[in-house]
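What follows is a short report on a single structure.
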Amino acid sequence: MNSMTLTNTEIRDYLHGKNDTELFAAADRVRREVFGTDVYLRGIIEFSNYCKQDCLYCGLRRGNRSVRRYRLTTDEILECAGEIGDSGISTIVLQTGEDPWYSDSDIAEIITAIKSQYDIAITLSLGERKKETYQLWREAGADRYLIRLESFNEKSYSDARPGTVRKDRLNCLETLRELDYEVGSGIMIGLPGDTVDDVVIAIRDLTAMHLHMIGMGPFVAHNQTPFAEETNGNVDIVLRAYALMRILNPTANIPSTSAMESARPGGRMRGLQVGANVIMPSFTPKRVKELYNIYPGKNVQQDIDEDGLQAALAMIEKAGYNISWARGDSPLKGKCSN
Ligand code: SAH
Ligand code: SF4
């Protein structure tokens, strides 16, 4: 397979399962050429489950009255960050719903405090914000930002995200890039209304954006949302999308997401074997972790903490890869034209 000649028809055929053996082998070959067998770790702190948005797919949407809400204090966030730093992991991801309770300068102070204590990369995933806000956080020391485009189908995007405009999200990505963040985006696969053709377009367009990070996962129906009765995204299609993205974006950092595991036990490990090179264990405190329930299964407490560090380490080894404690900055950083 020559990645340079992958036409839309070929991408579509692979997504439909034309030749998984060939596709997955080619993706793993590319990942080994660029990253060897290394899997990077990103410790994630989900510090608030409040959200002012009302995305129809998400368990944290403001319209969900059944969820008990929590916010971590600055001290609690710094304590989690300390756990990540002390574990040897070299990237912290700070993620929340869109929660204006924390002021821009509150977040900036948290970033500065973490950076002053640890030689660690900080990735933010705090949703759509103003340019000034992104700039403040960048100046405080944030290195990377994740903001998914969610869907390349305009209609399903606007149906699923009332009161928001897709162009705004694109503008956020552009602004983040101007501010010299490492930028990550991606989609949910199988959002109601989306088709495989929309995934073809997403693969093409996300590739054209030369992203540093590409995050994808299946849509998983949450029973406290308007999408409760919808069908989950197809994990096989997500695995194929991982593989295609790896082939088309050899240097991108691609996480195998926990939604993979929620949709199909073992899905996250499989993701590593078909092109993904990043795992994001959760360091959200146990007492609130299961309240960060974006989709069912996410952070739900079990005997073994499936989202935690120990499970991640065991899984990486079982998959046949090497645990890397390095920062895992994007090889594209500084080389990217637009
Ligand atoms: N509020 C921020 C970050 C938290 S949501 C934001 O929206 O960007 C992080 C990601 O979770 C979203 O980008 C979305 O792709 C994913 N997500 C939300 N609901 C989901 C669901 N039901 N199934 C799978 N992924 C979901
Ligand atoms: Fe809020 Fe993000 Fe969930 Fe949308 S996906 S409701 S912005 S947490």
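Read the figures in this text as sums done on the coordinates, not as results from a lab. Computed from a predicted model, the values in this text were never measured in an experiment. Here Cβ is always computed from backbone atoms with ideal geometry, including for glycine, and neighbour counts include all displayed protein chains.
Go through the stretch 53-88 and count every residue that is part of a loop (DSSP other than H, G, I, E, B), among the hydroxyl-bearing types (Ser, Thr, Tyr) and surrounded by fewer than 19 Cβ atoms within 10 Å (Cβ to Cβ). Before the answer, list the steps.
Let us first name the residues in the stretch 53-88 that are part of a loop (DSSP other than H, G, I, E, B), namely 53-70, 72-73, 88.
The next check asks that each one be among the hydroxyl-bearing types (Ser, Thr, Tyr); those that pass are 57, 66, 70, 73.
Narrowing the set further to residues that are surrounded by fewer than 19 Cβ atoms within 10 Å (Cβ to Cβ) leaves 66, 70, 73.
Summing the residues that are part of a loop (DSSP other than H, G, I, E, B), among the hydroxyl-bearing types (Ser, Thr, Tyr) and surrounded by fewer than 19 Cβ atoms within 10 Å (Cβ to Cβ) in the stretch 53-88 gives 3.
Among the residues of the stretch 117-136, write down those that are outside any loop (DSSP other than H, G, I, E, B) and more than 16 Å from ligand 1 (Cβ to nearest atom).
Restricting attention to the stretch 117-136, the residues satisfying the condition of being outside any loop (DSSP other than H, G, I, E, B) are 117, 121-125, 131-136.
Gln117, Ala121, Lys131, Glu132, Gln135, Leu136 - these are the residues of the stretch 117-136 that are outside any loop (DSSP other than H, G, I, E, B) and more than 16 Å from ligand 1 (Cβ to nearest atom).
For the stretch 89-109, how many residues are away from ligand 1 (no atom under 16 Å from the Cβ) and either buried (at least 22 other Cβ atoms within 10 Å of the Cβ) or in contact (Cβ under 8 Å) with a residue 60 or more places away in the chain (or both)?
Of the residues in that region, 3 qualify.
Kindly provide the set of residues from the stretch 32-59 that are more than 16 Å from ligand 2 (Cβ to nearest atom) and within 16 Å of the chain's Cα centre (by Cα), ordered by number. First the steps, then the outcome.
To start, the set of residues in the stretch 32-59 that are more than 16 Å from ligand 2 (Cβ to nearest atom) comprises 32-43.
Answer for the stretch 32-59, where residues must be more than 16 Å from ligand 2 (Cβ to nearest atom) and within 16 Å of the chain's Cα centre (by Cα): Val39, Tyr40, Leu41, Arg42, Gly43.
Please go through the stretch 203-228 and give me each residue that is over 24 Å from Arg65 (Cα atoms), of a type in the set (Gly, Ala, Ser) and within 15 Å of ligand 2 (Cβ to nearest atom), ordered by number.
Kept after step one, since they are over 24 Å from Arg65 (Cα atoms), are these residues of the stretch 203-228: 203-218.
From what's left, of a type in the set (Gly, Ala, Ser): 208, 215, 217.
Matches in the stretch 203-228: Gly215, Gly217.
Looking at Ile120, is it within 21 Å of the chain's Cα centre (by Cα), within 24 Å of Gly88 (Cβ to Cβ) and in contact (Cβ under 8 Å) with a residue 60 or more places away in the chain?
Working: within 21 Å of the chain's Cα centre (by Cα): yes; within 24 Å of Gly88 (Cβ to Cβ): yes; in contact (Cβ under 8 Å) with a residue 60 or more places away in the chain: yes.
The answer is yes for Ile120.
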